[in-house]
Amino acid sequence: MRENGIISSMSRPGCPYDNTCAESFFVTIKKECIYRRRYVTMEEVRRDMFSYVELFYNRKHMHSVLGYLSPFAYRRKNQGGEAA
């Protein structure tokens, strides 16, 4: 990670809540997307991940922590506009 300039943790060492959101996201993406198909090329993986995150997860997937809104709807609501 150091070679690529990646910081492994943003909070104090040993904090059990440090990566909870990321871990939850990766569990969800594996169950709802990755484990449902076989990929032959990395380009297929990139395309599928982009579609899942941008077209489904951010726009349609409801999150309890956001009041059962999608990230897109939550952002729109909190910027003063109505969610699409």
Report task. Hey, could you check the stretch 22-74 for residues that are hydrophobic (A, V, I, L, M, F, W, C) and part of a loop (DSSP other than H, G, I, E, B) and say which is modelled with the highest pLDDT? Result -> V40
Query - Pair list, Cβ under 8 Å, 6 or more apart: the stretch 41-64 residue of a type in the set (V, I, T), other residue modelled with pLDDT of 85 or more and part of a loop (DSSP other than H, G, I, E, B) - result: V45/Y39
Report task. Could you list, in sequence order, all residues of the stretch 75-84 that are among the acidic types (D, E) and part of a helix (DSSP H, G or I)? Result -> none
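The values are calculated or read from the model by the stated rules, or taken from the named source; none is laboratory data. For clarity, every value in this text was computed on a predicted model and none was experimentally measured. We place every Cβ from the backbone using ideal geometry, glycine too, and count neighbours over all the protein chains shown.
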